[in-house]
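The block underneath contains the structure these notes are about, expressed in structure tokens.
Here, each number is a calculation from the coordinates, and none is a lab measurement. Source: prediction; values computed, not measured. All Cβ positions, even for glycine, are placed from backbone atoms using ideal geometry, and neighbour counts span all protein chains on display.
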Amino acid sequence: MNINPREIVSQVLMDIEKDGKFSNIALKKALKANGAMPSKDRAFVTEVVNGTLRNIIYIDYCVNSFSSVKTENMKPWVLAVLRSAVYQIIFMSVPKSAATDEAVKLIKRKNLGGLSGFVNAVLRKISTNWDKVELPDEDKNTAEYISIKYSHPLWIVKMWINAYGSDFTKKLCMADTLPEPVNICTNTLKCKSDELEGILKKDGMNVQRGHFLKNTLIISKTGDISKNKAFVDGYFNVQDESSSFAVDILAPKSGENILDVCAAPGGKSVLAAEIMENNGKIVARDIFNHRLALIDDTAERLGIDIIKTENKDAMVFDKNDEFKFDRVLVDVPCSGLGLMRKKADIRLKKNGNDIDTLLPLQKKILETSSRYVKKGGIMVFSTCTICKKENIGNLKWILENLPFEECELSLPKGIETVDGYKCAVQLFPNIHGTDGFFIAKLRRKEI
């Protein structure tokens, strides 16, 4: 039986929209279930799923401009097929007729033949007229224009315009529509970055140096990276440079006692172990055993044995650990608005109320975690979001309510501190080429 990559795309998109599945999990599961697909078809499925999600608001706007039935009233399968076909028509070099004809076939295969004429008509209109679609006036309705053109929920666009201005927000949203490059972190316990770069180039990959950190590499033409020999042998781990930068700011030292409070999937923990030359102790905690298993597996692959995983709730204080750790990393659960390049379904799953729900949880985790830091010790607070409430708001709360003071940062060229705080940085995709990430470094007072 032939595997139809377009059918897989539509099924994944429907699972995400209708059943609320996370895009990375749904896509990974589909690719695994159809492992016999050629590599070019796997790449096609990945691009169309992620590309459709990154541009979904714009795609829906185009569909609604040419369809008498609006997207919110369409059958889930029809909507998924239309969205993926429109992405191919507008954003890929796929022949428009092929994208349309294959979409019609998918409708018929699901016994929805009565709707095949409708789908055919909509896609043929879009094929010839999509570039004539009228968007809101950019000058008069700036937020609405940016929201549709660059597929970001209106509430996020308005929040960012209020915080950073319309020009910056436009550039930020533009950056979010681009595919995220694959960043890897060299395992310095096994090799140097120069050596790893040579190995990966021999494997046919394109390799560039990271923007800020000497042991970060940016790679493309990777194929299935989990099967790459250098990966299997533990020469590197996949991790965005922003996450690695949080560990760089933490600056763990050989022999120290480190706590990673919300550690899974463990990229920061293993990088800390590498910086410590696998000497000392790292406690990595999470509330899900299957996620702790990921940390154990990664540590074993990388040849690290100083990480101890523990199933513990970050909001519940453990008296036995009070003042126990030299450094504590607190990467709190957040809205994730800095990850929209790689987790494009955030556009479908978040609303402004999520943030207000998260704030008390974040403060509780920060307050609890702060009690584990030795006097004079370091706490690094980080998030993968671009939201001042969650970032600067929580930093201000820490300095006003907990016995911590700012720890001045020494930063690489191209990164500056934020909002007058000498201890904090905010990374942006459009400025730094990384995920949107906030990092603050604080020292416990000697009192």
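Ranked for footprinting exposure by Cβ neighbours inside 10 Å, fewest first, HIS152, HIS290 give HIS290, HIS152.
Fewest-first ordering of ILE126, ILE225, ILE415 by other beta carbons within 10 Å of each residue's beta carbon gives ILE225, ILE415, ILE126.
Among GLY376, GLY20, GLY117, the residue with the largest mean-square fluctuation in a Gaussian network model of the chain, with springs joining Cα atoms closer than 10 Å, is GLY117. Ranking GLY338, GLY35, VAL157 by Cα position along the charge dipole of the chain, where only Lys, Arg, Asp and Glu carry charges on their C-beta atoms, puts GLY35 farthest toward the positive end. Among the GluC sites (Glu not before Pro) in region 90-139, those placed in a DSSP loop whose Cβ has at most 10 other Cβ atoms within 10 Å are GLU134. The share of Cα pairs per 10 Å bin across region 65-194, counted from zero up to the longest distance, runs 11, 29, 26, 19, 10, 4, 0 percent. Full extension of the segment from LYS110 to ASN64, taken as 0.36 nm per residue of separation minus the current Cα-Cα distance, would add 14.3 nm. Scalar couplings 3J(HN,Hα) for region 152-162, obtained by applying the Karplus form with A = 6.51, B = -1.76, C = 1.60 to θ = phi - 60°, are 10, x, 4, 5, 5, 4, 5, 4, 5, 4, 4 Hz; x denotes Gly and Pro. Exposure proxy ranking for CYS407, CYS384, based on other Cβ atoms within 10 angstrom of each Cβ and starting from the fewest, stands as CYS407, CYS384. Cα centroid separation, region 1-65 to region 395-436: 36 Å.
In terms of distances greater than 28 angstrom between alpha carbons, the cross-link table entries LYS192/LYS221; LYS413/LYS441; LYS349/LYS389; LYS29/LYS364; LYS214/LYS364 yield LYS29/LYS364; LYS214/LYS364.
If you average the alpha carbon positions of region 184-245 and of region 281-360, how far apart do those two centres end up, in angstrom? A separation of 23 Å, based on Cα centres. Report, ordered by chain and residue number, the aspartates and glutamates lying within cross-link reach of LYS202, taken as a straight Cα distance under 20 Å and ignoring same-chain residues fewer than 8 apart. Result set, ordered by chain and number: ASP194, ASP224, ASP233. Note on the chain: Rg/Rh from Cα positions, Kirkwood definition for Rh, rounded to two decimals, is 0.99.
Extension gain, ASP167-GLU138: 0.36 nm per intervening residue step, less the Cα-Cα distance, totals 9.3 nm. Of LYS202, LYS21, LYS96, the residue with the greatest mean-square motion in the GNM of the chain, using alpha carbon springs below 10 Å, is LYS202. Projected onto the charge dipole of the chain (+1 at Lys/Arg Cβ, -1 at Asp/Glu Cβ, origin at the Cα centre), which of ASN55, SER127, ILE378 gives the Cα projection farthest towards the positive end? Checking the options against the dipole of the chain, the answer is SER127. Proximity of backbone amide H atoms, modeled 1.01 Å from N, is registered between VAL182 and ILE219 at under 5 Å, excluding neighbours fewer than 5 places apart on the same chain. When you filter the GluC sites (Glu not before Pro) in region 252-356 for DSSP loop state and at most 15 other Cβ atoms inside 10 Å of their Cβ, you are left with GLU277, GLU322.
Among SER244, SER335, SER116, whose mean-square fluctuation peaks in a Gaussian network model of the chain (Cα, cutoff 10 Å)? Result: SER116 has the largest fluctuation of those listed. Here is the list for region 133-180: trypsin sites (Lys or Arg not before Pro) lying in DSSP coil, each with at most 12 other C-beta atoms within 10 angstrom of its C-beta, are LYS140. If R0 is taken as 25 Å, the Cβ-Cβ distance between ASP19 and LEU361 corresponds to a FRET efficiency of 0.50. DSSP beta bridges confined to the chain are antiparallel in about 60 percent of cases. The magnitude of the dipole of the chain, with charges of +1 and -1 set on the Cβ of Lys/Arg and Asp/Glu and taken from the Cα centre, is near 920 debye. Charge tally around ALA299: other residues with Cβ under 15 Å, Lys/Arg +1 each, Asp/Glu -1 each, net -3.
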